[in-house]
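Read-outs throughout are calculated quantities, based only on the coordinates presented, and are distinct from any laboratory measurement. Everything numeric here is computed off the predicted structure, so don't read it as measured data. No Cβ is skipped: glycine too gets one built from the backbone with ideal geometry, and neighbour counts run over all protein chains shown.
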Amino acid sequence: MRVLEAATEGLAVCVGPDGGTSDVMTDLVGRVAAGDVLLVHAGTALTRGELA
């Protein structure tokens, strides 16, 4: 998922490949910024990634 907005500490608004948005917990990956790509499972960012 791609970060749209770092909403608060530990939480980001992200957009998925289908265009839907979700709140994602980012505690495991640290600070995020708009445009970052995250691997997300069950609403929690597990790691940073890159789009292929």
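The set of residues in segment 16-52 that are among the aliphatic types (A, V, I, L, M), surrounded by fewer than 14 Cβ atoms within 10 Å (Cβ to Cβ) and either assigned to a strand (DSSP E or B) or under 10 Å from the mean Cα position of the chain (by Cα) (or both) comprises Ala33, Ala34, Leu39, Leu46.
Among the residues in segment 31-38, are any without any contact (Cβ under 8 Å) to a residue 24 or more places away in the chain and touching a strand residue (DSSP E or B) at 6+ places or on another chain (Cβ under 8 Å)? Within segment 31-38 (the criterion being without any contact (Cβ under 8 Å) to a residue 24 or more places away in the chain and touching a strand residue (DSSP E or B) at 6+ places or on another chain (Cβ under 8 Å)), the answer is no, since none of the residues qualifies. Total residues in segment 1-15 satisfying the condition of being exposed (fewer than 12 other Cβ atoms within 10 Å of the Cβ) and not in a strand (DSSP E or B): the figure is 1.
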